[in-house]
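Worksheet for the structure shown next.
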Amino acid sequence: MASRTQTRAALPVDAVLNLQSRAWLLLIFAGVLLVVFVVALSVGSVSIPLSQVIAVLAGGEPDRATWATIIFRHRLPRAITATLAGAGLGISGLLMQTFFRNPLAGPFVLGISSGASLGVALVVLGGGSVGAAMIAGVGFSRDLLLAAAAGLGAAGTMVIIMIAAHYVDSRMTLLILGLMIGYLTGAAVSLLLHFSLAERIQAYVNWTFGSFNSVTWRQLRILAPAIIAGSGIAFLLAKPLNALLLGEQYAVSLGVNLTRSRRWIITATALLAGAVTAFCGPVGFIGVAVPHLCRSILNTSDHRVLLPGVAIVGATMALTAAIIAEAPGSNIVLPLNAITAVLGAPVVIRVILARGNAGKVFG
């Protein structure tokens, strides 16, 4: 306790005020997230009063028994999935933007999304009778097969990148390698699409739209630990990430092991982006937009502040996109990636234009 008091006293008054204001902002972010989470349980094709949602979550009985079924079987898994996915994408996007010092870098810059897409394409477009059975739809088995295919594709890409990171010191070389993997897998998917049946093409296109609706409680037992593990690694990397903002030579002078830090950054990103893509599809723009939004609002590049910030704001944006995609009051479900693009693209455009110089994004 005394050490905390001494540290606080040693800080300039302005620094203490900044820390306090940012802590309050994070608390406000968390409060907004909680409100949006409850709203996500309330709205949909069937509208449920907020008071009834809170009663169900508190263990009470709603006025209509079907409301509890809707909340626990459908909306709560969807809301938890969106929260985890948004947090994971926000954190992984921040890691990649810092690692590559590129304001347009996102969680899928290493080709992880492309590898997952190829895995799904091989099953859906080239799976023969297996693909046909999937298109016919067999509930959980179909969703699990898609997740397994995407997970294996993302894991394969991760292995390639990790091997390359062991022999390559240049971040730019890794970035180019990720882009080339994306082009190669994209070419393979294009060939599969060209020779596939129309119904299989439609099944694959539906997966590329992204969705939080298909994740079940059983699948959350896999998704949640992966997101928690990846986020935990990222939070442990806060100090090395701060040092990397000032350049690799400065980081080395502070005792940062660049090779080890690089491996852990890639591992965390692969866990987060790979898990989200496997279960939710290639959800775009959240990982690119959220770090910019948090840097602007929190007015800092300190990862000790940004990491919790992007996790909370990413979760909030994902939940908001999920609510809009459900088109409350109707039976229509809009493509999730269309909504995240509408929410995320203006943020990136505004931040880059306001800065006037992409390099200042990290200042």
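Quick notes
- Taking all Cα-Cα distances within the chain, those exceeding 33 Å account for 32%.
- When you restrict to C-alpha pairs under 8 Å that are six or more residues apart and normalise by the size of the chain, the relative contact order lands at 29 percent.
- Residue-span extension gain [Phe195 to Asn299] - 0.36 nm each, minus C-alpha spacing: 32.4 nm
- You can think of it this way: the chain between Ile54 and Ala327 has 96.1 nm of extra reach, that is 0.36 nm per residue less the Cα-Cα gap.
- Ordering Leu19, Ser51, Gly314 by the projection of their Cα atoms onto the charge dipole of the chain, which places +1 on the Cβ of Lys and Arg and -1 on the Cβ of Asp and Glu, puts Leu19 at the extreme positive end.
- Solvent-accessible surface of the range 10-104, taken per residue with a 1.4 Å probe and all protein chains present: 48 Å².
- Per-atom-type breakdown for the chain gives carbon and sulfur 67% of the accessible area (1.4 Å probe, protein chains only).
- Taken per residue, the accessible surface of the range 140-283 reaches 50 Å², heavy atoms only and a 1.4 Å probe.
- Taking a ≥ b ≥ c as the square roots of the eigenvalues of the Cα gyration tensor, the range 11-110 is classed as oblate, since a/c reaches at least 1.5 and a/b does not exceed b/c.
- Structure-based [θ]222 nm, the chain - -39500 (n - 2.57) summed over DSSP H runs of at least 4, per residue, nearest 500: -25000 deg cm²/dmol
- In a reduced charge model with +1 at each Lys and Arg Cβ and -1 at each Asp and Glu Cβ, the chain shows a dipole moment near 580 debye about its Cα centre.
- Packing-based ranking, highest mean first, of 268-281, 314-327, 30-43 given that Cβ atoms within 10 Å are counted: 268-281, 314-327, 30-43
- Between His194, Thr269, Pro328, the Cα set farthest toward the positive side of the dipole of the chain (charges on each charged residue's Cβ, about the Cα centre) is that of Thr269.
The values are calculated or read from the model by the stated rules, or taken from the named source; none is laboratory data. Fair warning: this is a prediction, and the values are worked out from it, not measured in the lab. No Cβ is skipped: glycine too gets one built from the backbone with ideal geometry, and neighbour counts run over all protein chains shown. Surface areas here come from the heavy atoms of the whole protein model, side chains and all, with no ligands, DNA or RNA. Shrake-Rupley method; radii C 1.70, N 1.55, O 1.52, S 1.80 Å.
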